[in-house]
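The values are calculated or read from the model by the stated rules, or taken from the named source; none is laboratory data. Just so it is clear, the structure is predicted and the values come from calculations on it, not from any experiment. Glycine gets a Cβ as well: all are built from the backbone with ideal geometry, and neighbour counts include every protein chain shown. Remember, those area values only see protein heavy atoms, side chains included, never the ligands or the DNA or RNA. Shrake-Rupley method; radii C 1.70, N 1.55, O 1.52, S 1.80 Å.
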Amino acid sequence: MWLRFGAETRGFFDIDLNTAQFNIGVMVLVVTGVLMLLVAIIGGCGACNHSKTALSVFSGLLFLLIIIEIAAGLMAFMWSGRLADELVNFYNTIYAQYLNTRSPGQAVTLKLFHNAFDCCGIGGPIEVFVRDTCPDGDFLHKLTYSSCPRVIKDVFASRAPMVLGVFLGLAGIMMLVLVCSCVLRCHVSSSYVSSPSYVLLTSSPSVIFPAPAAQQI
């Protein structure tokens, strides 16, 4: 939601790139966040109300999220080079459009790239066309700026194993939560069984004994 409505990233959606890749990526993040929030609410309600059905639904959805988490990590690791190329093409498109239009939305996008990767345009230290969007710094720091396309590829190549580790670590934490939810579900199913029927015992009716015969004198 911050990517879609934030003041610093709103300019992404005002750029005509003839592609919906960025919009699709943001919508995937939003849908995933909503699904995780729904899973958390179902799990909390199931734990508080001792509902076996809610805990079962929570465990099923959590297992689905674990599979998605692992698959996303593996795809990000295997396709890191392709993702880097797509991001470089995205940056080059923004760079070329900004040279022609000087749009404020495109300027915000370039600043976001430059600050995130600590780079400056395509020429690096000799960049002259988009110097106003480069990161702030002293004169010596500006001379050490690198070309953004090269920096983007280097970052994706060097941090791909770390990204995979993050995804697998999150999947491991979610697996621990799944085990705990299964244990809680078994505890609820064994604790909340139907109570045995009890027969209300009433006091037995009093037995009427015959009156003793009068003693004869």
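Points worth noting:
- The distance from the alpha carbon centre of the range 75-126 to that of the range 41-58 is 45 Å, rounded to a whole number.
- Under 24 Å from LYS142, Cα to Cα: lysines that are on another chain or at least 8 residues apart: LYS111, LYS153
- Accessible surface of the range 65-189, 1.4 Å probe, proportion on carbon and sulfur as whole %: 69 percent
- Extension gain, PHE63-VAL183: 0.36 nm per intervening residue step, less the Cα-Cα distance, totals 41.7 nm.
- Unit charges at the beta carbon, dipole of the range 40-146: most positive-side option, ASN115, VAL88, ALA72: ALA72
- Seen from CYS45, the other residues with C-beta closer than 14 Å to its C-beta sum to a net charge of +2, counting Lys and Arg as +1 and Asp and Glu as -1.
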